[in-house]
Each structure stands twice: as structure tokens, then as C-alpha cells.
Amino acid sequence: MDRQEADAGRGSTPGDRPRRRNKREEVLLKAAELIARHGIDGTSMRDIAAAVDMLPGSLYYHFASKEEMLQAIHERVVADMTRRVEAAVARATNPWDRLEAAAVAHLEGLIATGNMITIISPDFAEDRRALNATLKAQRNAYEVLFRDLFEALGLPEGVDPALLRLQLLGALNWVPVWFDPAAERAPAEIARAFVATLRTAYGDRAQG
């Protein structure tokens, strides 16, 4: 069996399936790296195939197009971020502590993605309407976590929780642009400082 036949799964046995899954994971990781670095238009299926030592035709066994691949990458990153935030929030009880935990998990997750942060930015695929709609739906489902956290804060009358949520997420999402790993402030410290500003203005003390 030559490499193309192996990649396409012809003549496979049950023992081959884990290997094919591993190959799919390798393809996703390398595609994410290339697309984040060069953009979706600057990356070809041939580039991705070469990076994982596959024949270009074999790559289509795993993914029909770059758009399908990008959707899978984006879904994976958002799912990882969701798990991070949910796990962090589960360890806190006070509503403000839960928001702080979520903010820390969110920012640490963004920093951990490295250059893949470009893939989950709101305007990454805006020139592809169908794809962008799918990516936006995935991000919106994630942001529901923060919507629920803000609604549980018991904010003073007249304070819009949606605007505060957008303010916090906007600030957190901008951090990777200027963050310096060599600086003294860690991502967790930065996230806590952002939430502390809101808590001082709108938290228990402000309401009292």
C-alpha cells in the first residue's frame, strides 16, 4: 500500500482508525499554524499537504476545503476556551468571583493559543459570508457564558450588563496585541485588574 492509499484509508482495518484520527489532528494543527501565519487566502491546500508530508489529493480525504478545515480549527479553539471557562467558574461561588475566574481563564486561554488568536478574531473570515456566519455562531455560543455571569451580578439599576460584558471582553481580547511574556504582569493578574475595576464601580460596595 503506498502513502496515498494509506492516507485515503483504502484497505484499512479497525486498527488503522486511530492512526487516521491522529493524522487528522496533525493536519488541523499544521493548518492552524499556516493559516494563522499567512491567512486563509495565503495558504493553499498544497501548502498544508506538504507541511504534513501528504499528497495533495490525500488531504481531501480528511477535509473537502480550506473553509471546512478552518471551521474545524475554530470550533476546536472555541471548545477549548469553553472548557477552560466552565472549569474555572465551577470552582467559585460568589458572582463576582465567578466573573473574575472566567476572565482569567479567558485571557490565559487566548494567550495560550499563540498566533491562532487571529483565527478567532471577529473579522477573520468576513469576506466569506457563510463561513463567517458559522464562526460567529460558535463565538456567540461561547459568549453566552459571560452573558449569564453578568446577569447574575445584580448590577445597580440603569447599568447595562451587555455593555459591561462587551467592555470586559473587548479589553481582554486586546491584551494579546500588546502583551509581553517577559513583563512582570501575568495574564491572570491583568484579567483580575480589569474585573476589579468593574467590581469597584458596580459591585457590592458601590451598591451599598
If you go through the stretch 183-199 one residue at a time, do you hit one that is open to solvent by 90 Å² or more (accessible area, probe 1.4 Å), within 19 Å of the chain's Cα centre (by Cα) and among the charged types (D, E, K, R)?
no
Could you say whether any residue in the stretch 160-177 is farther than 21 Å from R147 by Cβ and assigned to a helix (DSSP H, G or I)?
yes
Is there a residue in the stretch 163-178 that is more than 26 Å from the chain's Cα centre (by Cα) and surrounded by fewer than 16 Cβ atoms within 10 Å (Cβ to Cβ)?
no
Does A103 satisfy the condition of being more than 30 Å from G42 (Cα to Cα), open to solvent by less than 20 Å² (accessible area, probe 1.4 Å) and either in contact (Cβ under 8 Å) with a residue 12 or more places away in the chain or part of a loop (DSSP other than H, G, I, E, B) (or both)?
yes
Number of the condition not met by I48 [criteria: (1) open to solvent by 20 Å² or more (accessible area, probe 1.4 Å); (2) over 30 Å from R199 (Cα atoms)]
(1)
Candidate set from the stretch 23-71 (those that are of a type in the set (A, V, I, L, M) and in a loop (DSSP other than H, G, I, E, B)); member that is farthest from A112 (Cα to Cα)
L55
Every residue from the stretch 139-158 that is surrounded by 16 or more Cβ atoms within 10 Å (Cβ to Cβ) and more than 25 Å from I73 (Cβ to Cβ):
L149, F150, L153, L155
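The values are calculated or read from the model by the stated rules, or taken from the named source; none is laboratory data. On a predicted model such as this, the values are computed, not experimentally measured, just so you know. Heads up, the Cβs are rebuilt from the backbone with ideal geometry, glycines too, and the neighbour counts pull from every protein chain shown. Remember, those area values only see protein heavy atoms, side chains included, never the ligands or the DNA or RNA. Shrake-Rupley method; radii C 1.70, N 1.55, O 1.52, S 1.80 Å.
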